[in-house]
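Contents: one structure, followed by commentary.
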Amino acid sequence: MNFRRLSAILWLTVLPWLGFAARRESVQVPLDYVAKKAEERVRKPFRSPRLDLPAVLRQNNLDYDKYREIEFRHERALWASDGMPFRTEFFHPGYIYHEPVRVNEFTLTHTQPIRFVQDFSTIES
């Protein structure tokens, strides 16, 4: 498996508000596996996974400037402690971002969902 190809697939699925994974699924993860999963998903009808956001995070209560004060804790970035030349940070749900994007991490030995964790963000004011 080409690392660039795997990275591109991962980056195409990244949305801003998720945290680290809690469980692992042990499988082989070649590109064919990822393509098969994508084909299974595309055959199902779309269902909007809208979040039931607390009132304080809804667009009518949170303007652009206030939303920008919610910042990801850089030390909590995905792959930050792995010594790689890159890492991934996510945006907090709220304001105009009310639909979650599911992100999965794929390695040569496993795949795991990246979960949203509230403590990975802080409000800078």
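The values are calculated or read from the model by the stated rules, or taken from the named source; none is laboratory data. Not measured: the values here are computed from a predicted model. Note: ideal-geometry Cβ built from the backbone for every residue, glycine included; neighbour counts use all protein chains shown.
If only residues of the range 54-70 that are touching a strand residue (DSSP E or B) at 6+ places or on another chain (Cβ under 6 Å) and not in a helix (DSSP H, G or I) are counted, the one that is modelled with the lowest pLDDT is 59. Count of the range 72-121 residues, restricted to those that are under 20 Å from residue 31 (Cβ atoms) and part of a loop (DSSP other than H, G, I, E, B), is 4. Here residue 27 meets each of (1) in contact with a helix residue (DSSP H, G or I) (Cβ under 9 Å, 6 or more places away or on another chain); (2) over 21 Å from residue 121 (Cβ atoms); (3) at pLDDT 85 or above with one exception, condition (3). Search the range 99-125 for residues being more than 16 Å from residue 77 (Cα to Cα) and acidic (Asp, Glu), and hand back the single one that is modelled with the highest pLDDT. Among those residues, the one meeting the criterion is 99.
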